[in-house]
Amino acid sequence: MALKKEEFTLRGEDVVKKVSEIIKEGNAHKIIIKNPNGEEVARFSLTLGVMGAALAPVLAAVGAIAAVLT
């Protein structure tokens, strides 16, 4: 089974919405956030156990990073 890589260009609160959507789909293994220069600024590994309350800190971090980058 080949791994599928998708890239999205988003701003601000759209980043949090998209990350939440991807996590709910349950198909992602990791999420990487890059700045406009293409440099990686954050990487989140996702496991089957990332749900509910465990999801909140990840989304909070993503929101903070998105706010700084925009």
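When both residues are 6+ apart or on different chains and their Cβ atoms are under 8 Å apart, which pairs have a first residue that lies in region 17-44 and is on the phi > 0 side of the Ramachandran plot, and a second that is open to solvent by 50 Å² or more (accessible area, probe 1.4 Å) and aliphatic (A, V, I, L, M)?
What qualifies is 26/48.
Those residues that are modelled with pLDDT of 85 or more, in a loop (DSSP other than H, G, I, E, B) and among the charged types (D, E, K, R), I need them from region 6-23; list them, please.
Within region 6-23, 6, 7 qualify.
Filter region 24-39 down to residues that are open to solvent by less than 90 Å² (accessible area, probe 1.4 Å) and more than 8 Å from the chain's Cα centre (by Cα) and give me whichever is modelled with the lowest pLDDT.
Per the stated criteria, the residue is 26.
When you go through (1) open to solvent by less than 50 Å² (accessible area, probe 1.4 Å); (2) modelled with pLDDT of 85 or more one by one for residue 43, which number turns out not to apply?
(1)
The values are calculated or read from the model by the stated rules, or taken from the named source; none is laboratory data. This structure is a prediction, so every number in the text was calculated from the model and none was measured. In this analysis, Cβ positions are derived from the backbone assuming ideal geometry, glycine residues included, and neighbour counts consider all displayed protein chains. To get the accessible areas, we keep the full protein, side chains included, count just its heavy atoms, and leave off ligands, DNA and RNA. Shrake-Rupley method; radii C 1.70, N 1.55, O 1.52, S 1.80 Å.
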